[in-house]
Amino acid sequence: DTGVSQNPRHKITKRGQNVTFRCDPISEHNRLYWYRQTLGQGPEFLTYFQNEAQLEKSRLLSDRFSAERPKGSFSTLEIQRTEQGDSAMYLCASSLEFGETQYFGPGTRLLVL
Amino acid sequence: DAKTTQPNSMESNEEEPVHLPCNHSTISGTDYIHWYRQLPSQGPEYVIHGLTSNVNNRMASLAIAEDRKSSTLILHRATLRDAAVYYCILRDAALFGNEKLTFGTGTRLTIIP
């Protein structure tokens with residue numbers, strides 16, 4: 001039984017560069033979520049997908065952020081023109097259905113210099 | 001979303017029971033009480049959830065007050081691997097489409113050998 005996987009686990013980039021993260025959910029989970037966590041805080045919701053449809057986006061998700069889930073399988077989160085304030089842990093989670101337990105991946109830690 | 005209040009930190013001795021409190025005085029009738037924990041350098045992990053009755057699983061027990069305005073997560077015999085940040089989260093099951101988990105800052109549990 002493989003859990004949620006995320007790649008890369010760590011990313012260091014320079015301000016202004018674009019970065020892309022990948023999340024592979026648990027097989028057959030149709031819900032996929034992205035959260036962001038800064039130091040000392042709990043995770044904050046960014047967006048979620050039901051299959052390939054992106055159904056909700058937080059106000060935290062600025063125009064520089066875009067998420068996709070082609071074919072309802074893996075998902076990517078891209079940040080364009082990164083800023084130092086984007087430095088955080090980006091967490092992905094998946095669940096089987098609405099209201100079911102969300103299973104989290106290990107996260108991608110982003111550092112913007 | 002209804003708000004939860006937890007102590008910032010707690011300590012417990014190894015092999016002793018741990019009682020982690022959570023106050024949620026504005027809980028609604030359809031709010032489920034969820035507990036997740038986050039071990040160092042990992043994504044959050046589901047622990048347990050309940051609505052009105054006390055709940056037990058292999059990881060922990062959840063004791064819910066009769067008026068539902070507070071709950072307690074009970075770890076029956078703490079080990080060093082239980083050192084983590086524990087989050088108490090309310091999730092309204094009546095709001096279809098309310099997919100996100102709203103994390104607070106949680107309780108950092110330290111286990112003393």
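For region B:41-87, name all the residues that are within 11 Å of chain A (Cβ to nearest Cβ) and among the hydroxyl-bearing types (Ser, Thr, Tyr). Before you say what the answer is, go through the steps one by one.
Let us first name the residues in region B:41-87 that are within 11 Å of chain A (Cβ to nearest Cβ), namely B:41-49, B:85-87.
Correct list: B:SER41, B:TYR46, B:TYR86, B:TYR87.
Select from region A:76-98 the residues that are within 14 Å of chain B (Cβ to nearest Cβ) and under 18 Å from A:ALA53 (Cβ atoms) and write down the one among them that is surrounded by the most Cβ atoms within 10 Å (Cβ to Cβ). Before you say what the answer is, go through the steps one by one.
First, pick out the residues of region A:76-98 that are within 14 Å of chain B (Cβ to nearest Cβ): A:88-98.
If we keep only those that are under 18 Å from A:ALA53 (Cβ atoms) too, we end up with A:92-98.
On the way: A:CYS92: 29, A:ALA93: 26, A:SER94: 26, A:SER95: 20, A:LEU96: 15, A:GLU97: 9, A:PHE98: 14.
Here the residue is A:CYS92.
Which members of region A:13-47 meet the condition of being more than 30 Å from B:SER9 (Cα to Cα) and in contact with a Leu (Cβ under 6 Å, 6 or more places away or on another chain)? Give the steps one after another, and end with the answer.
Kept after step one, since they are more than 30 Å from B:SER9 (Cα to Cα), are these residues of region A:13-47: A:13-32.
Correct list: A:LYS14, A:PHE21, A:PRO25, A:HIS29.
State whether one or more residues within region A:88-107 are over 30 Å from B:LEU51 (Cα atoms) and free of Cβ contacts under 8 Å to residues at least 60 places away in the same chain. Please lay out each step first, then the result.
As a first pass, look at region A:88-107 and keep what is over 30 Å from B:LEU51 (Cα atoms): A:88-89.
Going one step further and asking which of them are free of Cβ contacts under 8 Å to residues at least 60 places away in the same chain, we end up with A:88-89.
Yes, because at least one residue in region A:88-107 is over 30 Å from B:LEU51 (Cα atoms) and free of Cβ contacts under 8 Å to residues at least 60 places away in the same chain.
If we keep just the residues of region B:88-113 that are in a strand (DSSP E or B) and either away from chain A (no Cβ under 14 Å) or free of Cβ contacts under 8 Å to residues at least 60 places away in the same chain (or both), which is farthest from A:SER94 (Cα to Cα)?
First, pick out the residues of region B:88-113 that are in a strand (DSSP E or B): B:88-92, B:107-112.
Among the residues that remain, those that are also either away from chain A (no Cβ under 14 Å) or free of Cβ contacts under 8 Å to residues at least 60 places away in the same chain (or both) are: B:109-112.
Working: B:LEU109: 26, B:THR110: 29, B:ILE111: 30, B:ILE112: 34 Å.
Once the filter is applied, the top-ranked residue is B:ILE112.
Check region B:1-18 and report whether any residue there is without any contact (Cβ under 8 Å) to a residue 60 or more places away in the chain, more than 14 Å from chain A (Cβ to nearest Cβ) and buried (at least 16 other Cβ atoms within 10 Å of the Cβ).
no
So which residues in region A:28-48 are away from chain B (no Cβ under 11 Å) and touching a Ser or Thr at 6+ places or on another chain (Cβ under 7 Å), if there are any at all?
A:HIS29
Cβ-Cβ distance below 6 Å, separation of 6 or more or different chains: which pairs start in region B:25-48 with a residue that is free of Cβ contacts under 8 Å to residues at least 24 places away in the same chain and of a type outside the set (D, E, K, R) and end on one that is crowded, with 16+ Cβ neighbours inside 10 Å and not in a loop (DSSP other than H, G, I, E, B)?
Qualifying pairs under 6 Å: B:GLY43/A:LEU91; B:GLY43/A:PHE104; B:TYR46/B:TYR36.
Values in this text are rule-based calculations from the coordinates and carry no lab data. Note that the structure is a prediction, hence the values are computed from the model and not measured. So basically every Cβ, Gly included, is an ideal-geometry build from the backbone, and we count neighbours across all protein chains shown.
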